[in-house]
Each structure stands twice: as structure tokens, then as C-alpha cells.
Amino acid sequence: MIIANCEILQKKWAKENNISYTVENWLKEIAFAQIKQYKPDVFYLEYVLEFFNDFLHEVKPFCKYVASWISSPLINKVSLVGLDLVFSSTPDFIKTFKTQGLNAEYMHPAFDERILKKLKNTSTKDIPFSFVGGWDDVHINRKNALQELVKNTPIKLWGIFL
């Protein structure tokens, strides 16, 4: 598994594998080197803008399939050409993707609880109220609701755009 936006892990991997990268483009350069080295059957990416457009064309020869999860609005300059499959929890997006000729499937966000049984850490955490996900400006209603919840409840937040 490649966690491309985890800078510490990525730069450590690059050092261990003698991969050079530039300060400006380490994210794409290291991820590309990993894909080229591992040649995965499936390259799956969350909606991370840096990995669309030209990047998809560059990695496609090293992957059998490229799939993505997209459930927030796309900016106009994002090309999905090169994706073999798009998952989304937004029915209107599925319709749009299919209209564009993409293979798209509806899927709810989920977590397979069977994974918990395989983890070695058996400690429990008492977190009665939490949110995991994104809350940037494309999720303005969510962002506003979370701001109110933070003010008035003991909610714990994990995600991007902290």
C-alpha cells in the first residue's frame, strides 16, 4: 500500500530506495517511482488532484487497472481519462461519469469491521462521538455543521482540511 501524501513515510522510502525527487514535486515523483517499481495490479486513488491528468497517463503502463473514489465536485481541469473504474457515493456523479463514457459504480463509504479482529492492538478507546472525513469548501454544509458540533459537543474530528 502506498500512502502517497504521508510525507515522512514517502521520503523514508525514497531514501531507502535511492530515489531522488524535487522539493516541489516529491508527492508525484515518489509515488510514480513506487508504482513503477511495484507494478501493482490495481492503482487505487482517493480524489487527490495531483494524481489525475498527466499522472494517470504516466502510470498507466505500470498498472493493470486504475480505479478512484470520487464523491466531491471536480474542478474543471481534472481529466478522468485513464481510469478503468470510478466509485462514488453520489448517484448524480455516477450518472455524469457514465455519460462521459466512464465505468462507474455506486458504493457507500464503509469500513469492514472484520479488520478489527485482525489487528494486534486490543486496547479500546472511548470515543462516543466522532467524525472521520473531509470538510473543505466543497462540503460547506458539512463544514458548518461540524463547526457547530465542535462548539457544542465533545465530538472528535479526524480527516483532511483540519
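Just so you know, all these numbers are worked out from the coordinates, no wet-lab data involved. Please read these numbers as outputs of a predicted model, since none were measured by experiment. Cβ placement follows ideal geometry from the backbone for every residue including glycine, while neighbour counts extend to all protein chains displayed.
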task = Find how many whole Å separate the alpha carbon centroid of the stretch 1-65 from the alpha carbon centroid of the stretch 81-101.
result = 23
note = When H139, H57, H108 are ranked with the fewest other C-beta atoms within 10 Å first, the list becomes H108, H57, H139
request  = Pick out which of W13, W135, W69 has the largest mean-square fluctuation in a Gaussian network model of the chain, springs linking Cα atoms closer than 10 Å.
outcome  = W135
inquiry  = With an 8 Å Cα cut-off and a minimum separation of 6 or more residues, compute the relative contact order for the stretch 1-130 in percent.
reply    = 15
ask   = If you build a Gaussian network model of the chain, linking Cα atoms that sit under 10 Å apart, which residue out of I70, I30, I127 swings the most?
value = I127
key: Largest-first principal axis extents of the Cα set of the chain (Å)   = 49, 43, 34
ask   = What list of ³J(HN,Hα) couplings, whole Hz, do you get for the stretch 83-91 from phi and the Karplus terms 6.51, -1.76, 1.60, once you set θ to phi - 60° and write x for glycine and proline?
value = 7, 8, 7, 10, 9, 7, 9, 10, x
key: Over the stretch 45-139: Kirkwood hydrodynamic radius from C-alpha pairwise inverse distances, Å   = 15.7
ask   = Calculated from DSSP H runs of 4 or more alone, at -39500 (n - 2.57) each and per residue, what is the 222 nm mean residue ellipticity of the chain, nearest 500?
value = -10000 deg cm²/dmol
query = What FRET efficiency do you get for Y44 and V150 if R0 is 30 Å and r is their Cβ-Cβ distance, rounded to the nearest 0.05?
reply = 0.45
ask   = HN-Hα J couplings of the stretch 56-70 from phi, Karplus 6.51/-1.76/1.60, θ = phi - 60°, integer Hz, Gly and Pro as x?
value = 4, 5, 5, 8, 3, x, 9, 10, 6, 9, 10, 10, 8, 10, 9
ask   = Which of these, N25, N141, N53, has the largest mean-square fluctuation under a Gaussian network model of the chain (Cα springs below 10 Å)?
value = N141
